[in-house]
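See below for the structure under consideration.
The values are calculated or read from the model by the stated rules, or taken from the named source; none is laboratory data. Please read these numbers as outputs of a predicted model, since none were measured by experiment. Here the Cβ positions follow ideal geometry from the backbone for every residue, glycine too, while neighbour counts run over all protein chains shown.
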Amino acid sequence: MNRLFCIDKCTTCRAAKKDLEERGIAYELMDLKTQPPSKEELTDWIRSHPKGIAAFFNTSGILYRELDMKTKRLSLSEEELIELLSGEGMLIKRPIFVHADEVIVGYKKGFYDHLGS
């Protein structure tokens with residue numbers, strides 16, 4: 001089953017949901033605040049993503065700035081960073097769409113053009 005990790009009030013997430021629904025692509029909605037991906041999922045996704053762990057941080061988020069993650073990311077191990085991401089969904093770039101063995105991080109018009117229903 002496809003899964004879409006979102007935050008309800010996020011306008012980018014709303015656009016991604018609308019796009020998927022218009023394409024007739026079913027998905028299970030996962031709330032990043034209450035159901036962030038597990039450490040195991042994140043580890044698998046990060047290792048297979050061309051941009052690595054950098055793709056998964058919400059660098060424009062308030063929490064990212066409050067925690068000074070730009071600086072902390074330089075001194076923490078990948079394991080420690082994954083622990084932070086799995087424990088705090090607001091640090092994760094959204095939405096994340098998991099389709100078969102593909103993980104699409106973020107959303108812009110056209111991101112789902114290659115997906116079948």
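Can you say whether R47 is charged (D, E, K, R) and in contact with a Gly (Cβ under 8 Å, 6 or more places away or on another chain), as far as the supplied structure shows? Walk me through how you get there before you give the answer.
Numbers: charged (D, E, K, R): yes; in contact with a Gly (Cβ under 8 Å, 6 or more places away or on another chain): no.
Considered against the rule, which asks whether it is charged (D, E, K, R) and in contact with a Gly (Cβ under 8 Å, 6 or more places away or on another chain), R47 comes out as no.
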key: Answer residue from segment 69-117, given it is assigned to a loop (DSSP other than H, G, I, E, B) and among the polar types (S, T, N, Q) and is modelled with the highest pLDDT among those   = S77
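Quick one: is I53 under 13 Å from the mean Cα position of the chain (by Cα), of a type in the set (V, I, T), surrounded by 14 or more Cβ atoms within 10 Å (Cβ to Cβ) and in a helix (DSSP H, G or I)? Walk me through it before giving the result.
Working: under 13 Å from the mean Cα position of the chain (by Cα): yes; of a type in the set (V, I, T): yes; surrounded by 14 or more Cβ atoms within 10 Å (Cβ to Cβ): yes; in a helix (DSSP H, G or I): yes.
Judged against the criteria, I53 is a match.
Among the residues of segment 56-68, which ones are outside any helix (DSSP H, G or I) and under 18 Å from K108 (Cα atoms)? Quick ask: steps written out before the conclusion?
So in segment 56-68, the residues outside any helix (DSSP H, G or I) come out as 57-61, 67-68.
Correct list: F57, N58, T59, S60, G61.
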request  = Go through the residues of segment 100-109 one by one and say whether even a single one is among the small types (G, A, S), more than 13 Å from A16 (Cβ to Cβ) and over 15 Å from the mean Cα position of the chain (by Cα).
outcome  = yes
request  = Within segment 67-108, track down each residue that is within 17 Å of R47 (Cβ to Cβ), surrounded by fewer than 18 Cβ atoms within 10 Å (Cβ to Cβ) and of a type in the set (S, T, N, Q).
outcome  = S77
query = So which pairs qualify, if the first residue must be in segment 48-76 and on the phi > 0 side of the Ramachandran plot, the second must be assigned to a helix (DSSP H, G or I) and surrounded by 15 or more Cβ atoms within 10 Å (Cβ to Cβ), the Cβ gap must be under 9 Å, and the two must be at least 6 apart or on different chains?
reply = G52/I46
query = Restricting segment 15-39 to residues that are farther than 18 Å from L115 by Cβ and out of contact with any Ser or Thr (no Cβ under 8 Å at 6 or more places or on another chain), which is surrounded by the most Cβ atoms within 10 Å (Cβ to Cβ)?
reply = L32
ask   = Taking the condition more than 15 Å from E79 (Cα to Cα), β-branched (V, I, T) and in contact (Cβ under 8 Å) with a residue 40 or more places away in the chain, does T34 pass?
value = yes
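Could you tell me how many of the residues in segment 16-42 are part of a helix (DSSP H, G or I) and under 14 Å from V105 (Cα atoms)? Even if it seems obvious, please write down each step before you answer.
Taking segment 16-42 as the starting set, the residues that turn out to be part of a helix (DSSP H, G or I) are 16-22, 39-42.
With under 14 Å from V105 (Cα atoms) added as a condition, the list becomes 16-17, 41-42.
Qualifying residue count for the region: 4.
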